[in-house]
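The values are calculated or read from the model by the stated rules, or taken from the named source; none is laboratory data. Bear in mind the structure is a predicted one, so any value in this text is a computation, not a measurement. Cβ sites come from the backbone with ideal geometry, for glycine too, and all protein chains shown count toward neighbours. Accessible surface areas use protein heavy atoms only, side chains included; no ligands, DNA or RNA. Shrake-Rupley method; radii C 1.70, N 1.55, O 1.52, S 1.80 Å.
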6 protein chains.
Amino acid sequence: MGYDLVTFGEAMIRLSPPNFRRLEQTPVLEVNVGGSELNVAVTAQRLGLRTAYVTRLTRNALGRMIANKAREHGVDTSHIVWTDGDRVGVYFVEFGASPRPNAVIYDRRDSAMARIRPGEVDWEAVFSGTRVFHTSGITPALSEGAAKATEEAVRVAKGMGLKVSIDLNYRARLWSRERAREVMTPLVEAADILLTTEEDTERVFGIVAESYEEVARKLAERFELEAVAVTIRETPSVWRNAWTAIA
Amino acid sequence: MGYDLVTFGEAMIRLSPPNFRRLEQTPVLEVNVGGSELNVAVTAQRLGLRTAYVTRLTRNALGRMIANKAREHGVDTSHIVWTDGDRVGVYFVEFGASPRPNAVIYDRRDSAMARIRPGEVDWEAVFSGTRVFHTSGITPALSEGAAKATEEAVRVAKGMGLKVSIDLNYRARLWSRERAREVMTPLVEAADILLTTEEDTERVFGIVAESYEEVARKLAERFELEAVAVTIRETPSVWRNAWTAIA
Amino acid sequence: MGYDLVTFGEAMIRLSPPNFRRLEQTPVLEVNVGGSELNVAVTAQRLGLRTAYVTRLTRNALGRMIANKAREHGVDTSHIVWTDGDRVGVYFVEFGASPRPNAVIYDRRDSAMARIRPGEVDWEAVFSGTRVFHTSGITPALSEGAAKATEEAVRVAKGMGLKVSIDLNYRARLWSRERAREVMTPLVEAADILLTTEEDTERVFGIVAESYEEVARKLAERFELEAVAVTIRETPSVWRNAWTAIA
Amino acid sequence: MGYDLVTFGEAMIRLSPPNFRRLEQTPVLEVNVGGSELNVAVTAQRLGLRTAYVTRLTRNALGRMIANKAREHGVDTSHIVWTDGDRVGVYFVEFGASPRPNAVIYDRRDSAMARIRPGEVDWEAVFSGTRVFHTSGITPALSEGAAKATEEAVRVAKGMGLKVSIDLNYRARLWSRERAREVMTPLVEAADILLTTEEDTERVFGIVAESYEEVARKLAERFELEAVAVTIRETPSVWRNAWTAIA
Amino acid sequence: MGYDLVTFGEAMIRLSPPNFRRLEQTPVLEVNVGGSELNVAVTAQRLGLRTAYVTRLTRNALGRMIANKAREHGVDTSHIVWTDGDRVGVYFVEFGASPRPNAVIYDRRDSAMARIRPGEVDWEAVFSGTRVFHTSGITPALSEGAAKATEEAVRVAKGMGLKVSIDLNYRARLWSRERAREVMTPLVEAADILLTTEEDTERVFGIVAESYEEVARKLAERFELEAVAVTIRETPSVWRNAWTAIA
Amino acid sequence: MGYDLVTFGEAMIRLSPPNFRRLEQTPVLEVNVGGSELNVAVTAQRLGLRTAYVTRLTRNALGRMIANKAREHGVDTSHIVWTDGDRVGVYFVEFGASPRPNAVIYDRRDSAMARIRPGEVDWEAVFSGTRVFHTSGITPALSEGAAKATEEAVRVAKGMGLKVSIDLNYRARLWSRERAREVMTPLVEAADILLTTEEDTERVFGIVAESYEEVARKLAERFELEAVAVTIRETPSVWRNAWTAIA
């Protein structure tokens, strides 16, 4: 029957001290699974759509924890690529308590998903009957191989008539603005739907405008997009960031 | 493609005090999902088979917890019957510490699964391409409706050429020996595989013999079974019973 | 010497996930004892009065937990009716975090208290020397038997010269407005003190007025009450509901 | 109606690291209430007797925790002496894991119970209708005032015809053998029942014999006792000591 | 090389129920180390200074916990005075939840630090090369011996050319205003830096003024101080007090 | 004054599910610090020696946690090399429950310690006045740079007259037997003390003998060692492995 939505990206084990404790001193860590593409699939599934999540995972307890979490929420995991090598990325989140901000330590280098290469996912099989494909700018930022695998996925999706949705999500820790522009330009050109912010639009594409509506209009024109969503990020309090990845 | 195994029965929320605390005094309870047919499906799935679990659940957080747990382990839950009424059964387990034995409070009456009626599950759809159907003597013991629904499931399974596996599992709290004999006799006659103990065999069918091998032989003859497994229950220490339902 | 206050009603085991977790996903539940008539007895005892709490409980660890909690706070439990049958009601409370509201699953049907019948409590002994009897509209709403047992208690109390206090507390999940009116009318006519809200007064007695003072005056007139307390429920934030039943 | 049993002694707050953690490093402590005379009252009450527990407590949350724990189990606490001064004793127990033994830090000096003086308890009221009075050698060891208060209690109990039961329980940390002999001799002479060990009998009374039966016989003769219980303490493993004070 | 800062005072074990539970009912207590002079040393060390903390501790797990906590943060503990006698002070903090205020039970009498006497610390060794010495008004308030030991420390510090910093910190539970004035006057006369509040300044020295700036000016004049810090304590919400001693 | 003992090696963050839970399903992880050279330093310090621990750590909360743990126990950390790059190694330990064995996931590649290079530690300063230097075969196995840094440390230690102690500790996951032999041979030739097992001795040096005494004799002869300790590893039960790294 195919899926309403297929998402593609990395999920990591999130470790965070309970009760606003300091990471440096905590005797225990709470374990969650985090990753924006996985979150999108879970949310869509809970809203009633049929979804699949595609990623690459190491075949150990941490990798299984990620796949199990997707399955727990009904997301199809049968297209996940499993490897005996590499590692599962982890990140440590210390939730702040005003005036102390949140602090995050990412430890994702050389993860199984960063080591993905084109040809590892059978996209024709995944996309058969699927309506929408979604990924984010984090996925191609993981490595050169991941960038090529993302390009492959988008190309096959377009070829098979799927709508392509991309969340620009620029991460300065992962790549430079120049490299992001180079990689993201053809991807967004192929996309039908773009999610972004005014800041990321400027940083990656150098597009600025008077208002976010104008930013959206310019993006739609330049990349021939069907829909552009510009997220307005108000300065959030520490508390408002303290949401749980999958809940 | 169909399933290797479909199981059918009740799962409940298991609530147990941590660290061998007394239930009467505990400030917290650990939450697990328990049910022998669900356990069989999960175990088979983890061993690599394709399985589905069929039950009837109330559409609330407790019902979803049970379905999510099955899905987490990869068991298909798409044939579960959902209702807005009834309730999800719970049971409280106080793990003993020698010489104090385990203690269990069952609170399962009028559960959604006990209220199941024939015709609610589309067994033809469930069994299409399936190899084995498994249930236990607990399922028909839940109520008259559940007994009829079990008979229906076994009848359709046989008609579609599935192997039928039954775990006798006599529960004196749920029904009398006479009623168990009346209901279980045609079910076991239809079955290909029987799991039982010497004690249950005597209590339900009045069959006794010199050895468990002889018990198995007599059962195989009388019910024309392909395989009979007689579990030898050694007197277990309290500790040996303290396993987790799904782990 | 007798009691200053005797209360009569149901108490249940309250199970709630810690730290605003979702019930559907929680690995642990915090255990508390909840019930408005028990709360009234505990509060009065802690303020220095001599109190007794009357209810009907199953003789198992959950029933003892409820009686123990009353005793811990000094409330007399010697008039509780114990049964080997029935069950102890439970309810699951998921505390919300804005914008998610609190969610409650009640599972109280066929509880020991719902199965109480007139004649099971020796009210003459209980009320000997007692000054005030308190119950709520939840108690007679539990079942027909509980309604008759409440009527019996109020009748004996009046006959022995006690002040009778009733908290109207209309619960639409338990009975219809019509049935509530039919049962509560004679009870409130016998009462000296009434606690209610504008909403419940309208729903049960059809009384509306310009102001809550006027509502109170009308109630006092119609039912010949000594005192009427009308609780003004401001729209509370999720947090303000997050109190612990007995603390 | 009076009590079957009244016990008299000190109870303390017991603080212990969970899961065999080291006290020096633990981030949390489990809280229990401990005290041998309280334990005796709770056990007797749970076995169906009517009991009261007499002690002296500081009127704060820690003192209330001790009285609440007795009440939770149905033990009468109405004769407890409350003071605004002094303190509630605490002790820290680190449960060992072989080969590391248990370790205890007592911090009980100047506790409310150690500061008790004769005349503070109305023993005539407490003992009216009571059958048995029980205390241990720890109570008079707490201080000179506590020794005099214990003598007073035993004297009134004998005068009112109660059976007196004493657990010798010699604690070298609290007093010398000479002082113990001086104080305990008249108390045991007044007693009807004595609980002791071979070791304590030798340390306090200098009585040694071939067998524990002979020790019991000698004690019964010398102190004109009705019953003597000699506890045989096998060398227990660390685990066997790891019981919870009140469970 | 010497220290940038040496602090001198008592640290205690802080025990507090988690999640705003009531102390009277908590099954667990969180363990922290608290003491203002220790906090000052830890904070200065984390900001990059070289610090030492001087106190007197009982040689047991609780004493070691305090020294370990200082060492964990890099504070030198080699000048701590260890004793086999006395005890480590504890205090119980129940964090309030509006409208319930925080509640504290101090249990610090006869602690090892309260039993300190002059001559026990080799201040010449401690202060060799040190720039600043800091203590508070709590230290001399602990006992007469502690007052004399504080005077000794201040005298040696001045003699060796250190800057002396004093936090007035008047505690009515520990001593009277008169005794505080008598002891603190020569200490503040010897000091270079004073931390205080308007309230404490009035209570100890009887100094009042129009504004806190004027209070500071008067204190600087009267005691010939280099710097005066007057803390303005806004009425804080319960939450704002809920900080962790060492974090 | 110098140290009695300096140790050199990697420490990692150890994450383990509580109560024998499965890693795949745990909602929390207990946090400890593990590393054999750190353990040796902590143990020696607790036994009364003056010790320092040398390693290379990333300057973040995880790195500080490791240094803090060493300091907590009094081990000097002033010679630790800090870097803003690289990462802190982590490992996940799932404690087994018979018949399920322990399971470990190491995630230590490219850690700060694996990236150490010769010249980063000022060994002359570290060793001034020091008596013994200790490291293990894990340290040079981490990377080629770490091997060279270990050789440098041993060379300087010998040159300054320290005793050198080496724990052979062969880890097949980190390097081949051939590479281990090549690197360890000159290190053990320089050593005075060797800790090893019969198995590791055979795997790394190809030395076998009738008895462990003979193995020790052969090692002492071939490498001119002062002392050889051969650990006899009995087949330990799962439980006996379940020790805490630093306790």
Nm distances between copies for E:Pro99, ranked from closest, using label points 7 Å along Cα→Cβ
3.2, 3.2, 5.5, 6.2, 6.5
Can you give the FRET efficiency to the nearest 0.05 for B:Thr43 and A:Asp122, using r as the Cβ-Cβ distance and R₀ = 30 Å?
0.55
Surface accessible to a 1.4 Å probe, per residue, for the residues of region F:1-70, Å²:
30 Å²
Rg/Rh for region D:1-68, where both radii come from Cα atoms and Rh is the Kirkwood radius
1.09
Would you mind working out the accessible area per residue for region C:90-239, using a 1.4 Å probe, and quoting it in Å²?
49 Å²
Using DSSP, restrict attention to beta bridges with both residues in the protein assembly as shown and report what percent are antiparallel, rounded to the nearest 5.
30 percent
By per-residue mean of other Cβ atoms within 10 Å, what is the highest-first order of C:183-193, A:108-118?
A:108-118, C:183-193
Closest approach to the F/C rotation axis among chain F Cβ atoms, residue and whole-Å value:
F:Pro27, 2
What nm distances, shortest first, do you get from the label point of C:Glu221 to those in the other copies when the point sits 7 angstrom along Cα to Cβ?
7.2, 7.3, 9.0, 9.3, 11.7
Summarise the partner chain shielding of F:18-28 as one whole number: the mean count of Cβ atoms from other chains within 10 Å of each residue's Cβ.
6
From other protein chains only, count the Cβ atoms within 10 Å of every residue's Cβ in A:10-17, then give the mean.
1
Could you pull the copy-to-copy label distances for E:Ala190, with points set 7 Å along Cα to Cβ, in nm to one decimal and sorted shortest first?
5.3, 5.5, 7.9, 7.9, 9.5
In Å² (nearest 100), what accessible area is buried between E and D, both sides summed, heavy protein atoms only, 1.4 Å probe?
2000 Å²
For region D:153-235, what class follows from the C-alpha gyration tensor (a ≥ b ≥ c being the square roots of its eigenvalues): rounded when a/c is under 1.5, otherwise prolate if a/b is larger than b/c, else oblate?
oblate
Which net charge results for the neighbourhood of F:Glu214, defined as the other residues with beta-carbon distances under 12 angstrom from its beta-carbon, given Lys and Arg at +1 and Asp and Glu at -1?
-2
If you take the square roots of the eigenvalues of the alpha-carbon gyration tensor of region C:49-96 and sort them as a ≥ b ≥ c, do you get rounded (a/c under 1.5), prolate (a/b over b/c) or oblate?
oblate
Aspartates and glutamates whose Cα lies under 17 Å from that of C:Lys69, excluding same-chain neighbours fewer than 8 positions away
B:Glu24, C:Glu10, C:Glu30, C:Glu37, D:Glu72, D:Asp76, E:Glu24
Round to a whole number: what % of the accessible area of chain B belongs to carbon and sulfur, probe 1.4 Å?
48 percent
Filtered hits (lysines, Cα-Cα < 22 Å from D:Lys158, offset >= 8 within chain) -> D:Lys148
Residues of region C:75-107 that bury at least 30 Å² of accessible area, probe 1.4 Å, when all protein chains are present rather than the chain alone, are C:Arg87, C:Phe92, C:Ile105, C:Asp107
Rounded, prolate or oblate: which fits the protein assembly as shown when a ≥ b ≥ c are the square roots of the eigenvalues of the alpha-carbon gyration tensor, with rounded for a/c under 1.5 and prolate only if a/b beats b/c?
rounded
Under 37 °C and 0.692 mPa s, how fast does chain E diffuse according to Stokes-Einstein, given a Kirkwood radius computed over C-alpha pairs? Answer in µm²/s, whole number.
175 µm²/s
Treating only the Cβ atoms of Lys and Arg (+1) and Asp and Glu (-1) as charged, compute the dipole magnitude of region E:112-225 about its Cα centre; round to the nearest 20 debye.
340 debye
Mind checking which aspartates and glutamates have their C-alpha under 18 Å from A:Lys218, skipping anything on the same chain fewer than 8 residues away?
A:Asp167, A:Glu189, A:Asp192, A:Glu198, A:Glu199, A:Asp200, A:Glu202, A:Glu210, A:Glu226
Please give the Cα centre distance for region C:57-124 versus region A:99-148, rounded to the nearest Å.
52 Å
